[in-house]
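Only one structure is covered here, and it is reproduced in the block below.
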Amino acid sequence: MDYVHLRRQAASLRKGLFDQGYLDEQFYQLEDLQDDASPNFVEEVVTLFFRDSARLMANIDQALDKCVKDFNKLDVYMQQLKGSCTSIGASRMKTDCSAFRECCRDENIEGCMRSFQKIKREHSVLRQKLESYFQLLRQAGPVECATRPNK
Amino acid sequence: MASSQVVKVLIVDDDVVTRRIYRTMLLRFGFEITEAGDGKSAVNQFLTGNEYDLILMDNDMPGMNGVEATRTLRGMGILAKIIAITADDANSRGAFLDAGADEFLLKPVNFTMLTVILKAFNFLN
């Protein structure tokens, strides 16, 4: 297997995530925290993020489905989601969360709906891209594999 | 410090992802970590007799927020160092410091800045 090629693909995918604004410098901090004691830290945190954010988004969906909209509750849920996005460097999602919160403050339900649809799309795209990235990293293996001579 | 030699830290934040990141940061220093998901749970930790040297306190949490929790803990005579952590800026900072927090960090927490504060608190050799 061409580990060098896989690593290059992973690096290119990662660069694209930053260049296209999906991730910001906070993601670098996660990478800096990964070490021998926590070798899969970044993937673990990202996995945790997508699991927890799916839960929060389900709560928001339910709250938006109600006839009487509780904008305070919606804002609380979105504030939690925004906090999570900030922690992993999910920059575009973070911006969209802020837009949703503005709509909550204005009690603009249509704005909330539009923002939330955008958040769901960004969430899905980011998850796909990061899953592909980590899959490539797993296939490429540790850096030493890339330099192992062919038999 | 609490009676044990190991620095005991209470991380208070309603976001499980954020708590995981802080945990990893602090485990690098060999600290002992406990987590609480809101201000009331944090206060309950002390009411049930637990001791901590350091508290990382988020502000916006359901039920009791970080400022209220900080004020409550200081009112109970808790002397642990409290680092207030918030996405807000001047408003939260003033409220937190008035409530008795020792230091303030903006989210997302920068590991280097956290280390500087921990050194200033003499938690690092």
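The values are calculated or read from the model by the stated rules, or taken from the named source; none is laboratory data. Since the model is a prediction, treat every value here as computed from it, not as a measurement. When we count neighbours, we look across all protein chains shown, and the Cβ atoms used for this are built from the backbone with ideal geometry, even at glycine. In case anyone asks, the SASA skips ligands and DNA or RNA and just uses the protein heavy atoms, side chains included. Shrake-Rupley method; radii C 1.70, N 1.55, O 1.52, S 1.80 Å.
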task = Please find the FRET efficiency linking A:Arg114 to A:Glu25, where r is the Cβ-Cβ separation and R0 is fixed at 30 Å, and quote it to the nearest 0.05.
result = 0.60
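In the protein assembly as shown, what percent of the accessible surface is made up of carbon and sulfur (1.4 Å probe, ligands and nucleic acids excluded)? Mind showing how you got there, number by number?
On the way: 6720 of 14110 Å².
Whole-percent figure for carbon plus sulfur exposure: 48.
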note = Residue-ordered couplings for the range A:21-33, obtained by feeding phi - 60° into the Karplus form 6.51 cos²θ - 1.76 cosθ + 1.60 and rounding to whole Hz (Gly and Pro as x), are x, 5, 10, 10, 4, 4, 5, 4, 5, 4, 5, 5, 7
query = Which residue, B:Ala87, B:Ala42, B:Ala101, tops the fluctuation ranking in a GNM of chain B built on C-alpha contacts under 10 Å?
reply = B:Ala87
inquiry  = For chain A, take N as its residue count and report Rg(C-alpha) divided by 2.2 N^0.38 Å.
reply    = 1.23
remark   = accessible surface per residue for the protein assembly as shown, probe 1.4 Å, DNA/RNA/ligands not counted, whole Å² -> 51 Å²
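Can you tell me how the range A:68-145 classifies by the Cα gyration tensor, rounded, prolate or oblate, using a/c under 1.5 as the rounded cut?
On the way: a/c = 4.04, a/b = 2.90, b/c = 1.39.
Prolate.
State, as an integer percentage, the relative contact order of chain A based on alpha-carbon contacts under 8 Å between residues 6 or more apart. Kindly include the intermediate steps, with their values, before the conclusion.
Details: 131 pairs, mean separation 50.2, N = 151.
So the answer I get is 33 percent.
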Mean separation of Cα contacts under 8 Å, 6 or more apart, over the residue count of the range B:69-125: relative contact order % = 34 percent
task = Evaluate E = 1/(1 + (r/R0)^6) for A:Phe18 and B:Asn50, where r is the Cβ-Cβ distance and R0 equals 51 Å; express this FRET efficiency to the nearest 0.05.
result = 0.80
request  = Using only atoms on other chains, find how many Cβ atoms lie within 10 Å of each Cβ of peptide A:21-30 and report the average.
outcome  = 2
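Quote the FRET efficiency, to the nearest 0.05, computed for A:Thr47 versus B:Ala90 with a Förster distance R0 of 41 Å and r equal to the Cβ-Cβ distance.
On the way: r = 36 Å, r/R0 = 0.87.
Computed FRET efficiency for A:Thr47 and B:Ala90: 0.70.
What total accessible area, in Å², is buried where chains B and A meet, using a 1.4 Å probe and rounding to the nearest 100? Before the final figure, lay out the partial values.
Working: alone 6460 and 9220 Å², together 14110 Å².
Summed over both sides, the interface buries about 1600 Å².
Under a Cβ-only charge scheme (Lys and Arg +1, Asp and Glu -1), can you give me the dipole magnitude of chain A about the Cα centre, in debye to the nearest 20?
Working: 23 positive and 23 negative charges, 97 e Å.
I would put it at about 460 debye.
Across peptide B:9-21, how many C-beta atoms of other chains are within 10 Å of each residue C-beta, on average?
Numbers: counts 0, 0, 0, 0, 2, 4, 12, 8, 16, 8, 2, 8, 10.
That works out to 5 on average.
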query = Which value, in Å² rounded to 10, gives the accessible area of A:Ser115 with a 1.4 Å probe and all protein chains present?
reply = 20 Å²
message = Can you give me the angle between helix A:41-65 and the longest principal axis of chain A, using Cα atoms only, in degrees from 0 to 90, rounded to the nearest 10?
response = 20 degrees
note = Placing +1 on each Lys and Arg Cβ and -1 on each Asp and Glu Cβ in the range B:64-125, then taking the dipole about the Cα centre, the residue among B:Leu97, B:Ile78, B:Phe123 whose Cα reaches farthest towards the positive end is B:Phe123
key: Point-charge dipole on Cβ atoms (K/R +1, D/E -1) for chain B, about Cα centre, debye to 20   = 340 debye
Within straight-line cross-link reach of B:Lys119, lysines at Cα separation under 17 Å, skipping those fewer than 8 residues along the same chain = B:Lys8, B:Lys81
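Can you give the calculated 222 nm mean residue ellipticity of chain A, where each DSSP H run of n ≥ 4 adds -39,500 (n - 2.57) and the sum is split over every residue, rounded to the nearest 500 deg cm²/dmol? Working shown, then result.
Working: 7 runs with 119 residues, N = 151.
The helix-only estimate for chain A comes to -26500 deg cm²/dmol at 222 nm.
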request  = For the range B:70-125 and the range A:1-53, write down the distance between their C-alpha centroids in whole Å.
outcome  = 29 Å
ask   = Which value, in debye to the nearest 20, gives the size of the charge dipole of the protein assembly as shown about its Cα centre, when Lys and Arg are +1 and Asp and Glu are -1 at the Cβ?
value = 740 debye
task = Quote the accessible area belonging to B:Leu124 in square angstrom, nearest 10, computed with a 1.4 Å probe and with ligands, DNA and RNA left uncounted.
result = 40 Å²
request  = With a/c under 1.5 counting as rounded, go ahead and sort the range B:7-125 into rounded, prolate or oblate using the C-alpha gyration tensor (a ≥ b ≥ c being the square roots of the eigenvalues; past the cut-off, prolate if a/b is larger than b/c, else oblate).
outcome  = rounded
